[in-house]
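Here is the structure we will look at, set down as structure tokens.
The values are calculated or read from the model by the stated rules, or taken from the named source; none is laboratory data. Remember, it's a predicted structure, so these values are computed and weren't measured experimentally. Don't worry about glycine lacking a Cβ; one is built from the backbone with ideal geometry, like all the others, and counts go over all protein chains shown.
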Amino acid sequence: MTDKSVATPFRYLFPLLYGALFVLIYYSSYEVMLPSWGSSDYNYCSLVPMIAAYLLWERRQALRLPSVPSSFGVAIVALGIFIYLLGELGGEFYAIYFSSWVMLVGVLWLHLGWDKLRAIAFPVTMLVAMFPFPNMINSTITLGLKLISSNLGVKILQLSGVAVFQEGNIIDLGFTKMEVVEACSGLRYFFPLLLVAILLAANHKARFWQRALLVLSAIPFSVVTNGLRIAGMGWLYPVLGAAILEGFWHEFLGWFLFMLTIVILLVEMRLLLWVAPMATVQPPKNIFVVAGKTPKPRAVLPLALAVLAMLAVTATAIRTVNFREQLPLVKPMAEFPMTIGEWQGKTSALEQIYLDALKLSDYLQADYVNGQGRAVSLYVAYNESQRKGQSSHSPATCLPGSGWIFKDSGTTIMPVGQGGAMVEVKRAFMEKNGARMLVYYWFPQRGRVLTNLFQLKWYTFVDALTKQRTDGALVRLITTVYEREKPEDAEARLQNFVRQVGPQLNTYLPGD
């Protein structure tokens with residue numbers, strides 16, 4: 001049987017088989033992703049597949065040229081499977097989403113070959129933009145944009161003669177106060193504007209540095225535009241009242257400035273061409289002809305069957321192999337002592353909305369007070385099995401979302417490891433509306449004490465494969481830096497409490 005005869009009956013069967021296996025592997029994850037496209041921050045994601053499809057249609061002539069299958073596609077699919085397992089077993093959605101794109105690239109590379117894939121590289125690469133970024137990245141970008149936008153908006157108002165006072169993300173206009181929350185951070189305009197800039201640059205017949213400059217300029221333009229938006233709310237509040245802070249007029253102002261920024265990008269394109277005109281562009285050569293010869297197609301059937309087998313094994317293993325034993329606490333958190341040395345504690349319950357979101361196996365939330373009336377808040381969140389959407393969350397991600405600004409962040413050494421071992425824990429001062437607090441936190445994970453989410457995801461993946469365990473906890477302690485109190489006094493108080501509570505916690509959490 002020749003390659004040509006093999007290709008005919010399998011030409012339409014392969015897409016069906018790939019599609020079926022992709023659905024088996026990614027259905028549960030995409031089921032979580034697609035509803036997020038309805039949020040204000042990620043509604044642009046739903047447009048990305050349609051834009052990519054149109055760009056692909058524009059390049060349809062390249063798809064009609066002969067394909068030259070490549071075995072490199074098998075290696076790319078294998079890489080995609082590894083990233084998928086890393087995300088699935090480590091409990092990270094973005095890694096799973098990204099792995100689906102890597103596998104798609106691998107399959108296209110296998111069947112079309114490198115040259116043909118290169119011809120459609122832009123629309124294929126653009127598909128990455130349809131995946132919502134991890135919360136850690138979102139929070140970091142949102143916090144940075146929020147602070148820059150607040151500062152810039154205040155400066156613009158002051159330069160225009162408006163008396164304004166700023167304290168963190170609170171802008172006091174005298175007659176009202178505006179809080180720059182996540183919705184005003186610029187995140188929902190930053191990524192769409194960056195995407196628009198990339199689209200303009202890709203279709204801009206200019207030198208590489210001109211297109212790169214166009215894309216990079218979208219970043220400061222987004223920040224300036226959002227600063228103008230905040231200033232605009234200050235100017236319009238005396239006219240429109242609270243309506244400018246939310247609802248139609250709030251959204252309209254943001255939309256108007258976003259469209260204005262696109263116009264600025266178009267003007268920038270013209271200016272760049274005026275400053276450095278592009279020479280006559282030569283039509284591209286046939287990428288499939290090298291030295292007058294057309295590459296011979298390679299046998300794709302054995303490679304495609306190998307990829308289908310890899311995907312089938314992955315889909316089967318993830319549903320049949322128990323990678324996560326559910327390991328309960330040594331003792332329930334309800335039995336945790338409320339008297340620890342001089343400290344007297346009182347528990348409180350998490351609101352149901354948070355319990356529904358976190359899906360914890362057990363938790364402890366308690367406030368301990370010493371003889372001087374100074375308090376320390378203790379929070380322990382435990383998961384018997386960490387899965388997608390059911391894993392430890394870093395305070396560095398969650399607390400900034402509530403308006404807290406992390407300052408003087410770093411690590412310190414405390415005796416909270418197994419057997420009282422001295423290990424690193426995270427520490428940071430937090431500020432919000434004039435209040436200041438000191439926070440310590442760490443992640444007890446199957447005998448290890450980890451300090452960041454990258455470690456957390458990696459060791460969860462490793463232990464799922466080697467120990468069939470993914471249990472883990474977050475321990476977070478917070479104390480207020482009281483008025484007329486030195487920060488070092490709050491630090492000493494928190495360290496004293498950690499030294500006493502650490503050994504107690506280790507008797508409740510599962511070890512190695």
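Name the single residue, out of those in region 272-283 being part of a helix (DSSP H, G or I) and surrounded by 10 or more Cβ atoms within 10 Å (Cβ to Cβ), that is modelled with the lowest pLDDT. Working first, answer last.
Keep residues of region 272-283 that are part of a helix (DSSP H, G or I), which gives 272-275.
Filter once more, so that each one left must be surrounded by 10 or more Cβ atoms within 10 Å (Cβ to Cβ): 272-273.
Numbers: 272: 85, 273: 82.
Per the stated criteria, the residue is 273.
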Assigned to a helix (DSSP H, G or I) and among the basic types (Lys, Arg) - does that describe any residue in region 55-63? yes
Find all pairs meeting these conditions: Cβ atoms under 9 angstrom apart; at least six residues apart or on different chains; first residue within region 19-31 and modelled with pLDDT under 95; second residue surrounded by 12 or more Cβ atoms within 10 Å (Cβ to Cβ) and of a type in the set (Lys, Arg). 28/388; 29/388
Residue 32: in contact with a Leu (Cβ under 6 Å, 6 or more places away or on another chain) and assigned to a helix (DSSP H, G or I), yes or no? no
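On the basis of being under 23 Å from residue 361 (Cα atoms) and surrounded by fewer than 21 Cβ atoms within 10 Å (Cβ to Cβ), does residue 501 make the cut?
Values: under 23 Å from residue 361 (Cα atoms): yes; surrounded by fewer than 21 Cβ atoms within 10 Å (Cβ to Cβ): no.
Criteria not met by residue 501.
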Checked against (1) out of contact with any strand residue (DSSP E or B) (no Cβ under 9 Å at 6 or more places or on another chain); (2) in a helix (DSSP H, G or I); (3) surrounded by fewer than 21 Cβ atoms within 10 Å (Cβ to Cβ), residue 151 satisfies every condition except (1)
Region 416-427, residues that are assigned to a loop (DSSP other than H, G, I, E, B) and surrounded by 14 or more Cβ atoms within 10 Å (Cβ to Cβ): 416, 417
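If a residue must be of a type in the set (Asp, Glu) and modelled with pLDDT of 90 or more, how many such residues does region 305-341 contain?
Step one: filter region 305-341 for residues of a type in the set (Asp, Glu), giving 325, 335.
Then keep just the ones that are modelled with pLDDT of 90 or more; that gives 335.
Counting residues in region 305-341 that are of a type in the set (Asp, Glu) and modelled with pLDDT of 90 or more gives 1.
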Among the residues of region 244-270, the number that are touching a Leu at 6+ places or on another chain (Cβ under 9 Å) and farther than 28 Å from residue 202 by Cβ is 3
